[in-house]
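Enquirer: Structure incoming, see below.
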Amino acid sequence: MALRIYNTLTREKELFESVNPGKVGIYLCGPTVYKPCHIGHFIGPVIFDALKKYLIYKGYNVTFVVNITDVDDKMINEAQKRGITTEQLAREISAGYYEALEKLNIDSIDHFPHATSYIPHMIQLIHKLGDQDAAYIADGDVYFDVTKCDNYGCLSNRKQEDQLEGSRQLAGSSQKRNNADFALWKSVGPDEIGWESPWGRGRPGWHIECSVMSMDLLGETFDIHGGGMDLIFPHHENEIAQSQTASGKPYVKYWMHNGLTRVRTKSGSEWKAEKMSKSLGNIKPIAELLEEYPPAILRFFVLSTHYRRPIDFSDEAITAVQKGANNIYRLLDRLEALTGDDIYHTKPNIAAMENQAQSEPDKKFTEDVAQAQLRYLEALDDDFNTAAAIATLFELVNTVNRYLDDQRAQGQTNKEFLTIAQEAGRMITHLGQILGLFTHPLTKAAGTDSLTPQLMELIIKLRKQARTDKNFQLSDTIRDALKNLNITLRDNPDGTTEWQLES
RNA sequence: GGCGGCGUGGCCAAGUGGUCUAAGGCGACGGAUUGCAAAUCCGUUAUCGUGGGUUCGAAUCCCACCGCCGCCUCCA
């Protein structure tokens with residue numbers, strides 16, 4: 001089994017082979033911390049956190065870097081508007097960012113380099129570029145000369161000549177050698193935020209920070225660089241130009257770009273999907289969203305679409321996904337309740353299933369579970385198709401439910417089939433957890449105290465008596481009352497009743 | 001003007017040359033089960049934007065057209 005990844009650079013799915021055997025470096029463009037983050041900021045982190053987990057599963061040693069841009073025009077403006085320093089602003093916004101990451105189970109990021117901590121490195125890199133005449137001073141600013149990079153435009157497939165007409169890039173600094181040249185260092189006045197440099201007081205351009213931090217932490221050539229598709233040009237294109245020119249080596253082996261988040265809104269009877277943006281005012285802060293939906297569901301939602309496609313965000317869409325995910329949780333929780341064993345934190349044991357499986361249905365079932373695992377991993381190997389992988393999870397759930405039903409229908413009294421079903425449940429959590437899904441029950445474990453199960457047993461017994469007496473009014477009252485406590489009863493055909501705490 | 005993405009059932013969403021009259025989810029409908037429900041199971045619900053073309057064979061390749069979205073200024 002070999003992982004294949006779509007590389008924006010070549011526009012093809014390529015076999016993944018890491019630069020250094022057994023090791024993988026991933027760099028993802030993080031947020032500019034000037035306004036509260038929204039769901040769009042977490043698409044990348046969810047995807048690449050899941051990817052890292054999968055690579056670890058495959059045996060790689062992975063280093064994952066997400067940068068924090070804590071200096072640029074927007075930050076300065078916002079800080080000024082609010083009457084605080086940019087440091088205060090950065091601290092406040094990044095705290096919210098980290099908090100959301102944690103809730104979304106994004107725990108695999110090894111480094112969060114801040115741009116402001118890398119100023120000397122940036123100056124060094126600009127120097128290096130200057131030595132090659134790839135950087136020059138104009139109007140006190142330092143620019144990168146794109147003609148010094150022979151493959152400029154390779155990532156975005158753009159030619160400079162084509163960019164002129166219709167572009168909103170107005171004829172500004174006429175001092176630039178080429179229209180496409182971009183700033184490496186911008187000069188600032190004495191009372192503005194800035195750092196001393198050989199070119200006077202100033203602050204770095206946006207693109208240089210990612211080049212510097214990624215190469216510092218991952219090496220001059222590293223494996224995977226991720227980001228939203230909107231960053232392909234100019235940001236990533238410029239990163240390549242700077243880094244490659246400075247190091248004389250290829251910069252990144254695989255460029256992975258995720259689709260952008262769109263918001264579905266209704267105008268009249270027409271649905272339309274548009275980009276999230278501040279000007280459109282269709283942004284919901286992540287903190288708010290995390291209040292409305294369980295974080296695990298949001299993560300599931302993101303991964304249930306292939307990463308390269310845009311995700312249309314709407315309450316309806318999340319709700320639909322949530323209902324689907326609940327079917328999986330319901331089965332898992334049910335298996336735990338039936339067997340009394342933890343299936344979230346133990347690994348499946350196919351061999352044990354095979355040993356236990358005596359009858360034909362048991363054997364068939366065991367075979368189906370093994371097949372599901374295979375298809376799940378195959379899907380992930382195919383350009384990290386989490387959507388297809390998740391589909392196999394649903395099929396597996398159906399397989400288990402059917403098995404349980406069949407066993408029950410046959411009046412199976414021995415509980416051996418439960419052992420087998422339990423292993424299948426473990427397979428579901430195990431596969432899900434490769435992507436950071438199904439790490440815990442969605443709700444607080446039911447009856448964590450010892451009293452609840454006993455009380456439930458009592459209540460169920462009483463209700464059963466009521467039903468035997470055909471006192472349905474009473475039995476339904478009990479059922480409704482429990483429902484209000486989010487406890488659902490399941491009356492099985494064989495007369496037994498199970499209970500479950502629903503989310 | 002240039003670059004790029006998208007258009008698959010009521011909705012969401014996989015699939016990018018044959019196993020596809022098309023996975024999976026939500027919804028709807030019918031059935032089993034139930035005292036009634038819930039849950040679960042079974043079944044039904046698509047020829048893949050339009051029109052051409054290539055091919056023995058296309059949702060998948062090519063051309064044209066229509067529609068939507070993004071980038072070329074800051075953006076994950």
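Enquirer: Which pairs turn up if I take residues in region A:199-225 that are within 16 Å of A:Lys186 (Cβ to Cβ) and among the acidic types (Asp, Glu) and look for partners that are part of a helix (DSSP H, G or I) and within 16 Å of RNA strand B (Cβ to nearest atom) with beta carbon separation below 9 Å, at least 6 apart in sequence or on another chain?
Expert: Pairs found: A:Glu209/A:Ala115; A:Glu209/A:Tyr118; A:Glu209/A:Met122.
Enquirer: Going residue by residue through region A:31-51, is there one that turns out to be open to solvent by 10 Å² or more (accessible area, probe 1.4 Å), among the hydroxyl-bearing types (Ser, Thr, Tyr) and within 14 Å of RNA strand B (Cβ to nearest atom)?
Expert: Within region A:31-51 (the criterion being open to solvent by 10 Å² or more (accessible area, probe 1.4 Å), among the hydroxyl-bearing types (Ser, Thr, Tyr) and within 14 Å of RNA strand B (Cβ to nearest atom)), the answer is yes, since at least one residue qualifies.
Enquirer: Continuing with the same structure: Could you tell me which of the residues A:His430, A:His440 is within 28 Å of the chain's Cα centre (by Cα) and open to solvent by 80 Å² or more (accessible area, probe 1.4 Å)?
Expert: Going through A:His430, A:His440 in turn, the sole match is A:His440.
Enquirer: Still on this structure, please answer the following. Determine which member of the set A:Trp206, A:Trp185 is among the aromatic types (Phe, Trp, Tyr), open to solvent by 10 Å² or more (accessible area, probe 1.4 Å) and at pLDDT below 95.
Expert: A:Trp206
Enquirer: Within region A:465-478, how many residues turn out to be part of a helix (DSSP H, G or I), surrounded by 13 or more Cβ atoms within 10 Å (Cβ to Cβ) and more than 6 Å from RNA strand B (Cβ to nearest atom)?
Expert: Of the residues in region A:465-478, 4 are part of a helix (DSSP H, G or I), surrounded by 13 or more Cβ atoms within 10 Å (Cβ to Cβ) and more than 6 Å from RNA strand B (Cβ to nearest atom).
Enquirer: Can you give me the number of residues within region A:1-21 that are under 22 Å from A:Gln373 (Cβ atoms) and among the aromatic types (Phe, Trp, Tyr)?
Expert: 1
Rundown of residues vs (1) small (Gly, Ala, Ser); (2) within 13 Å of RNA strand B (Cβ to nearest atom), yes/no style:
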site	(1), (2)
A:Ala387	yes, yes
A:Glu395	no, yes
A:Val400	no, yes
A:Leu404	no, yes
A:Ile420	no, no
A:Glu423	no, no
A:Arg426	no, no
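Enquirer: For A:Arg309, which of the numbered conditions (1) farther than 29 Å from A:Ile232 by Cα; (2) under 18 Å from the mean Cα position of the chain (by Cα) fails to hold?
Expert: Here A:Arg309 meets the rest and fails (1).
Enquirer: All but one of (1) of a type in the set (A, V, I, L, M); (2) touching a residue at least 12 places away in the same chain (Cβ under 8 Å); (3) away from RNA strand B (no atom under 16 Å from the Cβ); (4) in a helix (DSSP H, G or I) hold for A:Leu431; state the number of the condition that does not hold.
Expert: It fails just one condition, (3).
Enquirer: What do you reckon, is A:Thr392 at pLDDT 95 or above, in contact with a Lys or Arg (Cβ under 7 Å, 6 or more places away or on another chain) and within 12 Å of A:Gly432 (Cα to Cα)?
Expert: yes
Enquirer: Filter region A:353-362 for residues that are loosely packed, with under 14 Cβ neighbours inside 10 Å and part of a helix (DSSP H, G or I) and give the result.
Expert: A:Asn355, A:Glu360
Enquirer: Note down all Cβ pairs under 8 Å where the first residue falls in region A:73-97 and is farther than 23 Å from A:His111 by Cβ and modelled with pLDDT under 95, the second is open to solvent by 70 Å² or more (accessible area, probe 1.4 Å) and not in a helix (DSSP H, G or I), and they're at least six residues apart or on different chains.
Expert: A:Ile76/A:Glu192
Enquirer: Here's another thing I want to ask about it. So, in region A:11-30, of the ones that are within 12 Å of RNA strand B (Cβ to nearest atom) and at pLDDT below 95, which residue ends up surrounded by the fewest Cβ atoms within 10 Å (Cβ to Cβ)?
Expert: A:Arg11
Enquirer: A follow-up question, please. Starting from residues that are more than 16 Å from RNA strand B (Cβ to nearest atom) and either open to solvent by less than 30 Å² (accessible area, probe 1.4 Å) or free of Cβ contacts under 8 Å to residues at least 24 places away in the same chain (or both), keep the ones in region A:320-344 and report whichever is nearest to A:Leu418 (Cα to Cα).
Expert: The qualifying residue nearest to A:Leu418 (Cα to Cα) is A:Gly340.
Enquirer: Another question about this same structure. State which residue is least open to solvent (accessible area, probe 1.4 Å) when the search covers only region A:293-318 and only residues that are over 22 Å from A:Gly226 (Cα atoms) and within 7 Å of RNA strand B (Cβ to nearest atom).
Expert: Filtering region A:293-318 for residues that are over 22 Å from A:Gly226 (Cα atoms) and within 7 Å of RNA strand B (Cβ to nearest atom), the one least open to solvent (accessible area, probe 1.4 Å) comes out as A:Ala317.
Enquirer: If the Cβ limit is 9 Å and pairs must be 6+ apart or interchain, which residue in region A:109-122 that is over 14 Å from A:Gly30 (Cβ atoms) pairs with which residue that is surrounded by fewer than 19 Cβ atoms within 10 Å (Cβ to Cβ) and modelled with pLDDT of 95 or more?
Expert: A:His121/A:Asp216
The values are calculated or read from the model by the stated rules, or taken from the named source; none is laboratory data. The model shown is predicted, which means the values in this text are computed figures rather than measured ones. Glycine also receives a Cβ, built like all others from the backbone with ideal geometry; neighbour counts cover every protein chain displayed. All accessible areas refer to the heavy atoms of the entire protein, side chains included, with ligands and DNA or RNA removed. Shrake-Rupley method; radii C 1.70, N 1.55, O 1.52, S 1.80 Å.
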